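Data block below; observations after.
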Amino acid sequence: MSMLYISYLLKNTSPAISIKNVHDVTIFKTDEESVKKKRLSKRQEVHWDMYSFETDEFHGKSVKIRNCRRCYIYILLPITNVHISGCYDCTIVLGVVGGVTSIENSSGSKIITCSRNLQIRNCSDMGLNVLVNTPPLFLSDNFNIIIGPYNSFYSSLKRHLTLAKLSTKENYWNEPLFYEPIHLFANFENKNQLMEEFRKRSFSEQPLQSFIPFSIPVVLSGNTNHNPVKLPERYQDALERNNVSLRMYMEKFAQKHKLHKGYGTKHRVQQLFEEWLIESGNMNQILVLVKLQTQTKQL
């Protein structure tokens, strides 16, 4: 891996906006056109204790997300660069990153994004679903980084991809490049084998059986109604199989609980889901998203 390529990825960026030191919150950012075709007044902007909704603050700028815990962060905007560091047990959904998505010193988190470049440094137990137009770059020591193809969409995605000039046809998600610590293996006769093991423990492809769509929990304005990124055939087939399995499970669930089709099944699933939300402590996240959905409908 040439230092020239690394320098290109680490080139100077525009001043960044920070999201830092937040725990157990949901943050949602999008642009005004995705909500309504006129600027929101200060009175119309919403700020809750566990939730913030703003329209154009982040548009076209670089973003730093630092030291976050158990957060749901949605930034559905065209962004210049993103630097994620020190985040644990978070779900971070980034719209379109025209430059570099850099992730370091993080673990146990899920990242979903469309980006021109992707860097991962000193991370562990991470799940990524990405569209990336250049091979992902693994720097330093990483462990158990699972990457799959992009698996989501939101209503403004196609417009944002066009603004950022990203290609939906070039996805190098499973062709990572490793900047390996060769000096660690230099004195071993089996250094090639050790380096291969180093790569394998750093990166693996997402298992087909776990590949499912990720739903953005808010309806925005726009004409994107499906994932515009072409999936590898094996993942497309797996997606269809997983959908069939889900339908079969729902039918068995209905039979087990002796429910009729329609409302009865839906009501029982909702009841069990609410029980799980309460027990797991995730109810507040759902309440925040319900408020968000109500607010966007009123705009």
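The values are calculated or read from the model by the stated rules, or taken from the named source; none is laboratory data. Computed from a predicted structure; not experimentally measured. Positions of Cβ are backbone-derived with ideal geometry, glycine not excepted, and every protein chain shown enters the neighbour counts. Protein only, heavy atoms only, side chains kept; ligands, DNA and RNA dropped before computing areas. Shrake-Rupley method; radii C 1.70, N 1.55, O 1.52, S 1.80 Å.
Under the simplified labelling scheme, the Asn105-Ala16 pair shows an inter-label distance of 1.1 nm, with each label point 7 Å from Cα along Cα→Cβ. In this label model, Ser215 and Arg66 are separated by 3.6 nm, measuring between points 7 Å along each Cα→Cβ vector. Each part gets one Cα centre, and for the range 195-243 versus the range 142-170 those centres are 10 Å apart.
Calculate the tail of P(r) for the range 73-146: the fraction of all Cα-Cα distances greater than 18 Å, expressed in %. For the range 73-146, the share of Cα pairs beyond 18 Å comes to 28 percent. Taking a ≥ b ≥ c as the square roots of the Cα gyration tensor eigenvalues, with a/c under 1.5 meaning rounded and otherwise prolate when a/b beats b/c, else oblate, which class fits the range 110-151? Note, shape of the range 110-151 comes out oblate.
For the range 193-241, the Cβ-based charge dipole about the Cα centre amounts to some 100 debye (Lys, Arg positive; Asp, Glu negative; other atoms uncharged).
Shown here is the pair-distance distribution of the range 80-122: with all Cα-Cα distances grouped in 10 Å bins from zero up to the longest one, the shares run 30, 59, 11 percent. With 26 Å as the limit on Cα-Cα distance, the pairs of Lys64/Lys158; Lys29/Lys110; Lys20/Lys165; Lys20/Lys158 that go past it are Lys20/Lys165; Lys20/Lys158. Only protein heavy atoms count here; on that basis, with a 1.4 Å probe, Leu220 has an accessible area of about 20 Å².
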